[in-house]
Amino acid sequence: MRKFLSIPTLTAAILALLPSWALAAGPKAADLVVVADTRVLESGVMKYFANLYNENILLFAVWAVVLTAVMGSVLGVLMDVIMKSTGLDLTKRKILEH
Amino acid sequence: MGEMSWLYMYMPIAGVHILWPGLVLIGFSVGVIGGFFGMGGAWMVTPGLNILGFPMAFAIGTDIAHIAGKSMISTMRHSKFGNVDYKLGITMLVGTMVGIEIGAQLVMMLERIGLVGSVVRWVYVVFLALIAWMVFYDFYKATQKRKKGDVGEHGATGIEWYKTLHKWKIPPMMHFHASGFTCSAWVPIIVSTATGILAGFLGIGGGLLRMPALIYLVGCPTHIAVGTDLFEVMISGLYGAFTYTLKGRIELVAVFVMLTGAAIGAQIGTVATKYAKGYGIRVAFGLAVLCCMVSIILKQYGFSAAAAVVILSAISLICLWIMKIMFVGAAQELRDKKAGLSQA
Amino acid sequence: MKRIVALAMALALGMLLAAAAHAAEVVQGKCLGFDQAAKTIVVEEYDINFSSDFKYGHPTGIQSTFNVTEAKIGIQPEPGDILRIAYNVQGTDKKALKVMNVTKQDLRKK
């Protein structure tokens, strides 16, 4: 039986190990705070986002998600147009069970 | 850095200089490989970013955000093929999101005690070994079966643990029409929570684990598993991007660089699935996973340059193979089409 | 889908306008003192001429005091540590938002 190797079992094993690693590392635990160095940035967009990172991380997070989603969709639509122009039939395909 | 400095790009938040052609290559390859196998391919991005010089927590956050954007592209493609089981996807969603948050919290905890780099690297080594084993074992079993001429309803499939799991009768029972099976809702929920934790912890879309889990534990046909997994990755990846950004561990510039490469790569990879036959490419995939594993170990012991060479060449090679499948297949289709038109 | 994207973009644009009002300043330099009772940190500012011998910049001799009452502080700053502080100027007060201990959390090693 190889079921003992299943993914949930491994996950549980790792989760069980983590607290012991934490204890072994002792009391030096402190949050790591990162400040983006806006002094060295010249471009306005970069400066805006780096500053937002320092000042309003929630807004930065909303921006990150929105921009990622928008960029993904735009690229998706764009690529779709390009692929359509190749003339390949992408609506149906042979069912290929490997 | 000297004269080579134009090859390096400044990451404004993490404050590191990164080899940008490496970023583009990783993004492009992850698109090709992810589009082809339906696995986010992120198993190479987190280690790859870390090897290129990102601090581990930034590598994870950046990876998960780029995966969200990339999967939007692939999901669009797959929903066109009708490969997404939306009912199954939505059932799994809550489990995935809870899992991702748990995983992200674990990463932050490890960062506080200064162990995030080595722990995540070793967990990666274990999981890449597991995935390589699954790929090769599956290949071995299928070869054995094919020799005996035994072809089941799923074709020459390998592992079939889902047959046992489908016997669970814990309510609520659900029927998944697109995938064509009935099982307890707890099977996909448990699978999605477990894969969610790993997704959040390793900074992957989870396709690496959810895809085999969907096929082997839940019992989806391969093409439905690919599409449904991408849908899952898209929604959960956006949540992962949000929570990692709130924790301050993301580099947006790198996300966009990789996303552009991935958009082009994903087309090639997804279209190539149309022409792919047989197990050969899966064996190559297994080998690429092993190479990635070796490069992580090299990085752990301080051989960063060697690690970068191993991982970048392994993903380039498998990428070239998939591109060959795509271009040969597409050329053939277009030729056939032309021949058909001239006859008519 | 298009409607969702349009809505998201409108939302983002609204917030962009709301937040573009001012920008926080950043300073990097050597910690001279951390008064935990008064909640202040004194820093000698460094410039941004980085080099291999001066990877955190050159000392400028300018000393600034930051009010860290509301700041998010990472690893405890000690005199001699290189700190990077994001702050807002309110009247004569420099109110810190975040304090990063550059020396003790060298991210490049993770």
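The values are calculated or read from the model by the stated rules, or taken from the named source; none is laboratory data. Bear in mind that the values here come from a model prediction, so they are computed numbers and not experimental data. Counting neighbours? That spans all protein chains shown, and the Cβs are built from the backbone with ideal geometry, glycine included.
For first residues located in the range B:108-120 and in contact (Cβ under 8 Å) with a residue 40 or more places away in the chain, partners that are among the basic types (Lys, Arg) and part of a loop (DSSP other than H, G, I, E, B) and lie 6+ apart or on another chain with Cβ distances below 6 Å form the pairs B:MET108/B:LYS247; B:GLY117/C:LYS110. If you scan the range B:306-340, which residues turn out to be closer than 14 Å to A:LEU88 by Cα, of a type in the set (A, V, I, L, M, F, W, C) and either exposed (fewer than 15 other Cβ atoms within 10 Å of the Cβ) or free of Cβ contacts under 8 Å to residues at least 12 places away in the same chain (or both)? Of everything in the range B:306-340, those that are closer than 14 Å to A:LEU88 by Cα, of a type in the set (A, V, I, L, M, F, W, C) and either exposed (fewer than 15 other Cβ atoms within 10 Å of the Cβ) or free of Cβ contacts under 8 Å to residues at least 12 places away in the same chain (or both) turn out to be B:PHE327, B:VAL328, B:ALA331, B:LEU334.
Conditions tested, residue by residue: (1) in contact with a Leu (Cβ under 9 Å, 6 or more places away or on another chain); (2) more than 11 Å from every other protein chain (Cβ to nearest Cβ); (3) more than 22 Å from B:GLY35 (Cα to Cα); (4) modelled with pLDDT under 85.
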{"site": "B:GLU153", "(1), (2), (3), (4)": "no, no, yes, yes"}
{"site": "B:MET174", "(1), (2), (3), (4)": "yes, yes, yes, yes"}
{"site": "B:SER179", "(1), (2), (3), (4)": "yes, yes, no, yes"}
{"site": "B:LEU198", "(1), (2), (3), (4)": "yes, no, no, no"}
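Looking across the range C:57-107, the residues that are among the charged types (D, E, K, R) and either surrounded by 12 or more Cβ atoms within 10 Å (Cβ to Cβ) or in a strand (DSSP E or B) (or both) come down to C:LYS72, C:GLU78, C:ASP81, C:ARG84, C:ASP93, C:LYS94, C:LYS95, C:LYS98, C:LYS104. The residues in the range A:46-80 that are in a helix (DSSP H, G or I), surrounded by 17 or more Cβ atoms within 10 Å (Cβ to Cβ), over 17 Å from the mean Cα position of the chain (by Cα) and not hydrophobic (A, V, I, L, M, F, W, C) can be counted, and the count is 6.
In summary, B:ALA59 fulfils each of the numbered conditions (1) at pLDDT below 85; (2) buried (at least 21 other Cβ atoms within 10 Å of the Cβ); (3) within 18 Å of the chain's Cα centre (by Cα); (4) over 20 Å from B:CYS319 (Cβ atoms) with the single exception of condition (1). Pairs meeting the criteria (first residue in the range A:70-81 and of a type in the set (S, T, N, Q), second residue modelled with pLDDT of 85 or more, beta carbons under 8 Å, at least 6 apart or on different chains) are lacking. Taking the range B:159-259 as the region of interest, the helices (runs of 4 or more DSSP H) fully inside it that hold 3 or more residues being within 20 Å of the chain's Cα centre (by Cα) are B:186-202, B:207-212, B:222-246. Got at least one residue in the range B:71-78 being at pLDDT below 85, touching a Leu at 6+ places or on another chain (Cβ under 9 Å), more than 9 Å from chain A (Cβ to nearest Cβ) and assigned to a helix (DSSP H, G or I)? Within the range B:71-78, one or more residues are at pLDDT below 85, touching a Leu at 6+ places or on another chain (Cβ under 9 Å), more than 9 Å from chain A (Cβ to nearest Cβ) and assigned to a helix (DSSP H, G or I).
Among the residues of the range C:83-108, the ones that are under 22 Å from B:ALA57 (Cα atoms) and more than 10 Å from every other protein chain (Cβ to nearest Cβ) come to 1 in all. For B:GLU3, the conditions (1) at pLDDT below 85; (2) acidic (Asp, Glu); (3) buried (at least 22 other Cβ atoms within 10 Å of the Cβ) all hold with the exception of (3). Has the range B:300-308 got any residue that is under 22 Å from the mean Cα position of the chain (by Cα) and not aromatic (Phe, Trp, Tyr)? Yes, the range B:300-308 contains at least one residue that is under 22 Å from the mean Cα position of the chain (by Cα) and not aromatic (Phe, Trp, Tyr).
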